[in-house]
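First comes the structure, then the notes that go with it.
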Amino acid sequence: MNTDYASYAGVFHCQHAGGIVHRRNVYVLSRNPSVSDKDIEQVRRRMLVFDLDPDYLGRVSHDECIPSAESDLNLRLDGTLFDLSDNL
């Protein structure tokens, strides 16, 4: 969707499940724990091209995150966990 090839990438993801559920997501991936306001604004402008409302893009705080080595429970979810295509 959008990137500066140095610090961030905006990713658009569309999911369909059996013609019943349709979900569109935008993720902002960063090489740093935080993303600059300028980079977020770039992604918001690009969302308009895909007919996505940029007001729905919000920040997620990772301040409470701990390293996995310090966690009591680590879950690994693969891409097939919620895949309904084999059941349709």
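Structure summary
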quantity	calculated
Rounded to whole Hz, the Karplus (6.51, -1.76, 1.60) HN-Hα couplings of segment 8-14, x for glycine and proline	8, 9, x, 10, 9, 10, 10
Stretch gain in nm, segment L57-E41, where the contour uses 0.36 nm per residue and the Cα spacing is subtracted	4.7 nm
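Any read-out appearing in this document is the output of simple, stated calculations on the displayed coordinates, not a laboratory observation. Keep in mind it's a predicted model, so treat the numbers as computed, not measured.
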